[in-house]
Every structure is written in structure tokens, then in C-alpha cells.
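Everything on this sheet refers to the single structure shown next.
The values are calculated or read from the model by the stated rules, or taken from the named source; none is laboratory data. Values in this document were obtained by computation on a predicted structure and should not be read as measured data. Every residue, glycine among them, receives a Cβ derived from its backbone with ideal geometry; neighbour counts consider all protein chains shown. Side chains included, ligands, DNA and RNA excluded: accessible areas come from the protein's heavy atoms. Shrake-Rupley method; radii C 1.70, N 1.55, O 1.52, S 1.80 Å.
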Amino acid sequence: MAPDTERPVSNVQAQQKFHPSPEFSRAANVNDPEIYARCNANPDKFWEECALQLEWMKPWIQLSEWNPPHAKWFLDGKLNVSSNCLDRHLAGRGDQRAIIWEGEPGDQKTLTYRELHAEVCRFANGLRRLGVQKGDRVTIYMPMTPEGAIAMLACSRIGALHMVVFGGFSAEALQERTNDCGAKVVVTADAYWRRGNLVGLKQIVDEAVPHCPTVEKVVVFQRVGATVKTSMVEGRDIWWHDLIADTSLECDPEEMDAEDPLFILYTSGSTGKPKGILHTTGGYLTGAYITTKLIFDIKPEDLYWCTADIGWVTGHSYVVYGPLANGAQVFMYEGSPDWSTEGKPGRDRFWDMIERHKISILYTAPTLIRACMKWGEEYPASHDLSSLRLLGSVGEPINPEAWLWYHKHIGHERCPIVDTWWQTETGSIMISPLPGIVSTTPASATKPFPGIKAEVVNEKGERQPAGQKGILVITQPWPWMLRTIWGDDARYVKTYWSRFPGMYFPGDGAMEDEDGNFWLLGRVDDIMLVAGHNISTMEMESVLIEHPAIAEAAVIGKPDDVKGQVPVAFVIAREGHGPKPGDHDAIHKLDAELKDYVAKRLGVICRPADVILTADLPKTRSGKIMRRLLRDIAEGHILGDTTTLADPDVLAGIKEKYASEED
Ligand code: ATP
Ligand code: MG
């Protein structure tokens with residue numbers, strides 16, 4: 001991947017272009033650039049080709065039906081998701097590894113496709129025994145162990161909808177989501193390991209479930225065992241191993257309509273009250289399957305690792321359904337990236353596992369990459385990462401500095417990077433390079449997936465010329481789109497389809513360049529209007545983290561009588577590079593330097609009014625920066641909804657810092 005000439009793209013930054021190597025392209029699942037022209041000219045034909053690669057119990061009679069803003073796909077087609085992920089691989093690759101798992105303390109488990117199939121069938125039979133039927137909802141509140149995936153697949157086998165709640169969420173979040181969808185059963189574990197500590201999931205369930213009137217049974221997987229005391233409620237709670245003790249290794253998959261619901265998943269909550277996103281069977285699986293195949297270029301010999309938790313949509317589509325529908329070998333890890341198998345802090349855990357397991361595809365988030373940058377490159381440098389051949393990023397815009405660090409220190413300038421833009425609502429990836437044919441530029445997610453129609457528009461919904469910043473929209477329905485918000489269709493219509501009638505509004509800012517590449521600029525709500533100019537948080541943050549002392553930055557707009565809004569930057573120093581706490585001279589020097597740095601790079605208009613050096617930023621549990629809470633602090637407002645925050649204590653610290661440092 002050699003960079004060619006520097007080329008300015010808008011004012012995001014002068015950028016380099018990276019081309020896939022001829023060897024990578026030759027062997028890639030897609031190596032014909034024609035795919036874009038062909039599929040964009042006739043998306044329907046492409047969707048049918050993709051769906052036909054799955055196994056259908058009955059073919060569809062009509063491809064789609066569009067009653068704006070409600071879509072149906074593969075009408076009257078019948079299929080089962082779990083049998084597509086398991087049964088159809090048994091003949092050809094039953095003994096191939098399906099899931100390779102490592103626990104935080106270093107314990108390991110491997111399941112072949114045949115073994116995974118048997119475990120899923122047993123658990124599906126267990127759920128049926130508890131009275132779970134097609135259409136019922138099941139809450140899954142599990143650690144990152146194969147049993148989380150088994151529980152999801154078992155639900156899909158019997159036609160129950162799963163609603164996975166991230167295992168780091170509180171009793172309150174669990175309760176709110178479980179009640180919103182009216183789940184009948186909760187599947188959980190006794191506890192799991194995180195940074196050497198035990199997180200008692202069952203205890204949290206015990207706090208929540210008495211307030212969940214629809215929950216009849218709680219199934220408890222024994223992850224930890226005797227080390228943790230688990231009390232069981234008579235008549236309500238049952239151990240996973242007891243439930244499946246004498247169940248059959250076979251379980252007939254339920255024949256599901258393509259439009260039967262598959263799951264509900266609440267969005268990560270960066271912007272407000274979580275929404276219960278509903279996905280259905282045929283369209284969703286088609287998307288998860290085909291995007292995994294073409295974007296991650298997955299092959300039978302790959303060991304593929306998506307670091308997302310199954311509690312996020314990325315875990316649904318790219319830990320479980322996408323790779324298993326492709327018959328791939330999937331790696332899963334239970335714990336923290338900075339904890340060693342010896343039970344001590346260790347910042348090389350990811351690189352150690354990549355070396356030991358020979359992982360070939362890594363899909364992770366910018367927040368992790370920035371944390372690793374902060375720690376320093378010596379950690380990946382101490383491991384052999386030569387098994388890697390493809391890298392991916394998802395969750396937030398990836399800053400060019402982080403992209404280049406990932407490319408150099410993890411990909412060793414050899415691995416293409418797929419920066420994938422999508423959302424819980426879109427079900428699968430929407431904008432991303434196809435790694436064998438698309439040249440990449442740091443921080444551009446490049447092209448809409450073949451057949452997906454994306455545009456950048458202005459406030460009036462008019463298409464913006466190349467190079468102009470605006471609002472991202474999807475102009476045509478696609479098979480893997482959400483169908484509604486569970487229990488609140490009016491919110492579905494209002495949130496996604498009312499801003500620009502007939503177009504899907506994801507809520508993100510973007511720019512399309514002359515080559516048809518898309519640049520994601522952050523959430524529309526986060527974009528600042530300074531003296532009449534739109535300034536994206538992404539651009540300013542990316543410049544700040546290019547400063548050698550800065551590892552991470554969040555920028556917000558604060559109201560200003562003269563300019564409308566002025567930027568305020570919250571920054572975290574790189575380890576060993578920032579001023580010592582209490583060294584006011586050094587802090588002031590850095591403050592002035594950063595303000596000048598931004599002004600010089602992006603223009604005086606972007607000069608931050610305040611720079612707050614902080615130890616932490618408020619983030620969702622999935623690692624996304626919650627700028628709305630920083631805005632609340634800067635504006636002196638009462639803090640908005642903080643239930644999805646990873647660490648509520650962070651805010652108090654920032655508030656105090658803000659009060660003391662604001663000029
Ligand atoms: P909520 O909608 O409840 O506020 P959320 O938007 O954080 O939560 P997700 O669906 O997990 O929940 O995240 C999708 C959002 O993440 C996108 O709308 C976008 O803002 C951001 N995002 C994801 N991947 C990328 C990417 N590759 N580049 C830029 N932004 C991304
Ligand atoms: Mg969102």
C-alpha cells in the first residue's frame with residue numbers, strides 16, 4: 001500500500017491515497033471495479049443475487065414493497081437465520097472451527113460448526129421448554145462468551161426475538177429495555193472477568209427483574225462458578241446447564257417469513273433516549289452476509305476478529321450473523337484490552353492474542369486505536385503481527401492521525417483499512433471501501449456499498465456539489481434497513497423520514513468529493529455554526545490530535561453573543577507528553593499553543609475559545625464521545641440523560657476542571 005501524491009480534499013486536510021497491493025487485489029472476493037456500475041444501475045438484481053446465496057425454505061414471490069416510509073423485502077420468502085449460520089455448513093465444514101474464544105484470565109474454548117450447531121439446538125430446545133414461542137422476546141444480558149452467541153442463535157432458531165443488553169450496562173438500563181420490549185425470559189451469566197475483577201451479572205439481574213412484570217424465567221450460565229456466590233430464586237431462576245441437561249442435539253428450525261422480526265436492539269444512546277430498533281429476518285441476514293463477504297473479504301482460512309461486544313449492533317452483524325452465515329472462523333475475547341493473561345495490567349493483550357492465535361482480520365473502533373496511541377507504539381511493536389491482512393474501523397469518524405497510526409503500527413503499511421460507516425438502524429455497513437478495488441484516504445469511508453444510494457444535501461434537501469459539507473441521506477430503501485422502532489412507529493417516521501420526505505436521515509454530517517468518496521464529519525447535532533460557518537467537530541478534533549502532546553479531543557460549540565457559537569475543546573494528553581498536574585505555567589503554555597495550532601491549520605475562526613485539559617472524556621459504553629454532555633457543562637445546563645455513560649464520575653471531574661479553567 002504505497003501512498004501517492006498529496007492532494008487537498010476540501011479543508012479536511014491534505015491527504016494521501018493508499019492503493020491495495022496487487023497481491024491483495026488478485027485474491028480478493030471482489031476484484032472487478034465494474035461491480036459499482038453494474039449494481040448501482042440495477043440494485044434490485046444485485047439484492048436478489050445476494051439473497052440467493054442464502055438458503056431459503058421457500059423462495060420470495062416479490063422482491064420489495066415500498067409504502068414510504070415502510071419497506072418489505074423478499075415478500076413471502078421463508079428462511080431461518082440459525083440454519084443459514086449453522087446447518088448449511090455442516091456437510092462441507094462441520095469440523096472446521098466456528099468460534100475460538102479466550103477468557104480474560106487466559107482460559108480458552110473452541111467450538112466447531114458441528115459443536116456450535118448442537119449447542120444452539122440444545123439451548124433452543126431449552127427455551128422452548130420454558131415456554132418461549134415464535135414472536136416472544138428474550139433479553140440476553142451476557143458476557144463475551146460463546147454462550148452469548150449461542151443464546152442469540154437459539155432465539156433465531158425458534159423465532160423468538162432477542163434483545164441483547166450490553167453486559168456493562170446497569171440494572172436500570174436492563175430494566176428499561178426489558179420492559180420496553182416486554183421480554184418473557186432473561187438469559188444471563190453468574191459473572192464475568194473485566195480488568196481482573198468479577199462483574200456480577202446475576203446480581204444486577206436480581207436488582208432489575210423484580211421491576212420487570214413480563215419476565216417469567218431467568219436462565220443463568222455458569223461462567224465463573226464457585227468463585228462467585230450466586231443465589232437462585234426458586235421457580236424463576238434456572239441454570240443453563242440444568243436447562244439443557246437432557247435436551248436433544250437436534251431442533252427443527254422454525255420456518256420464518258422474510259419479514260418476521262429477528263431482533264430488537266436499543267441504540268447506544270449517544271444522543272438521547274435509546275430507540276428499540278427492529279430488524280427482520282430476510283433483509284437483515286442478506287446484509288450481514290454480503291457485507292461481511294465483500295468488505296471483510298472473508299475466506300475459510302481466515303481467523304476473523306471483530307472486537308465489538310455482542311451488545312452492540314456491530315457484535316450482532318459482525319461477530320455473530322455475518323461471519324457465521326459465511327462459515328468463517330470467528331475469534332471472541334471476554335475482557336479488557338489492557339489486562340494480561342497473568343492477571344496483571346498489560347497493554348499488549350490484543351497484539352499478544354493476534355500473535356498467538358494468528359488472527360488475520362481485525363475490526364475495531366477508533367476509541368481503541370486512540371487509546372493504543374496514547375499508550376505508545378512499543379506495545380504492538382513487541383509482537384509479531386504478520387498474520388494480519390485486513391483492518392477495519394467502526395463507531396465514530398476515524399481521525400486521520402489515528403488512521404495513519406493503525407496503518408503503520410498495526411497494519412505495517414501492508415493491510416488495507418476499511419473504515420465502515422453504518423448504524424444500528426442500517427443493520428449492516430452502508431459506506432466502506434471494498435478492499436481489493438478501492439483506494440483509501442485516511443478518514444474517508446469512501447463509497448456507498450454497491451446498490452446503496454447515498455447523497456449529501458443541504459438544509460433544504462438539495463444535493464450539495466462535490467466538496468461542500470452537508471447532511472448525509474440515503475435516497476432509496478435497502479434490504480437491511482430497520483423496519484420501525486419497537487412500539488413507537490410514530491418516532492420511526494419522525495426521526496428518520498420527516499426531515500427530508502422520501503429520504504432516510506441518519507443524523508450525520510458528510511461531504512462527497514469529486515471522486516464520489518464520502519467523508520463523515522460527525523453528528524449533525526454536533527456540527528457548530530461559528531460566525532455563519534459550519535465547522536465539523538471531526539475536523540477540529542483531528543487537527544488537535546495531530547499535535548504531539550494530544551491523544552484525544554472532543555470539541556463542542558458554546559453559545560456566544562457575537563459569533564453565534566464558539567468552539568470549546570476538551571483534550572487528553574498523550575502519556576508522558578502533557579504538562580504535569582498543577583504545573584500551571586506548562587498548562588497555560590499548552591493551552592495557548594493549541595489555540596494557535598488550530599487557528600493556523602483551520603483558520604482563526606476555528607480558534608477554540610477555551611481548551612480544557614482533562615484526564616477523561618464522557619463516553620458511551622461503546623466508547624463514543626458524548627458531546628451533548630460536554631455542551632451541557634459548557635452551557636451550565638443540568639446534565640441530560642446519562643444512563644448510557646460508561647463512567648458517570650468522569651463528568652464531575654470535567655465540570656470542576658471547566659469551572660476552574662474557563663477564561
Ligand atoms: P443514538 O442513536 O442512540 O444516539 P448511536 O448513534 O451512538 O446512538 P449507533 O447506531 O451504535 O448508536 O452508532 C451509529 C453512529 O456512529 C453513526 O450515526 C455515526 O454517527 C457513528 N459512526 C459509526 N461508524 C462510523 C464511521 N465509520 N465514521 C463516522 N461515524 C461513524
Ligand atoms: Mg444514532
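Data table
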quantity: Distance from the range 127-202 to the range 418-460 (C-alpha centre basis), Å; calculated: 31
quantity: Shape of the range 533-663, Cα gyration tensor, a/c cut at 1.5; calculated: rounded
quantity: Probe 1.4 Å, all protein chains present, accessible-area order of H412, H407, H357, largest first; calculated: H412, H357, H407
quantity: Amide H within-cut-off set for F221, under 5 Å, with H built and near neighbours excluded; calculated: T188, A189, D190, W240
quantity: For V228, solvent-accessible area (1.4 Å; no DNA, RNA or ligand), Å²; calculated: 30
quantity: Area accessible to solvent at W312, 1.4 Å probe radius, in Å²; calculated: 30
quantity: Total lysine pairs under 24 Å (Cα atoms) in the range 320-448, excluding pairs fewer than 8 apart on one chain; calculated: 5
quantity: Area of R128 that stays accessible when all protein chains are in place (1.4 Å probe, Å², to 10); calculated: 90
quantity: Accessible surface, 1.4 Å probe, highest first, among residues M481, M232; calculated: M232, M481
quantity: Prolate/oblate/rounded label for the range 194-251 (Cα gyration tensor, a/c 1.5); calculated: oblate
quantity: The range 450-493: C-alpha gyration tensor shape, a/c 1.5 cut-off, then a/b vs b/c; calculated: oblate
quantity: Value at 222 nm in deg cm²/dmol, rounded to 500, when DSSP H runs of n ≥ 4 in the chain each add -39,500 (n - 2.57); calculated: -8500 deg cm²/dmol
quantity: Percent carbon-and-sulfur accessible area, the chain, ignoring ligands, DNA and RNA, probe 1.4 Å; calculated: 50
quantity: S439/W56 FRET efficiency (R0 45 Å; Cβ-Cβ; nearest 0.05); calculated: 0.80
quantity: Nearest-ten-degree value, helix 649-661 long axis tilted from longest Cα axis of the chain; calculated: 10
quantity: Partnerless Cys - the chain, beta-carbon criterion under 4.7 Å; calculated: C39, C50, C85, C155, C181, C212, C306, C372, C415, C606
quantity: Separation between Cα centres of the range 587-632 and the range 307-358, rounded to whole Å; calculated: 31
quantity: Reachable lysines, given that their alpha-carbon falls under 30 Å from the alpha-carbon of K134 and they are not under 8 places away in the same chain; calculated: K58, K72, K78, K184, K202, K217, K273, K275, K293, K494
quantity: Anchor K600: lysines whose Cα lies under 17 Å away (excluding residues fewer than 8 positions away in-chain); calculated: K589
quantity: FRET efficiency, 1/(1 + (r/R0)^6) with R0 25 Å, evaluated for T110 and E255 via beta carbons; calculated: 0.20
quantity: Angle between the chain longest axis and helix 171-181 axis [Cα atoms, degrees, rounded to 10]; calculated: 60
quantity: Helix axis angle, 366-375 relative to the chain longest principal axis, alpha carbon, degrees; calculated: 60
quantity: Accessible solvent surface per residue of the chain, calculated while the other protein chains remain in place, 1.4 angstrom probe, Å²; calculated: 36
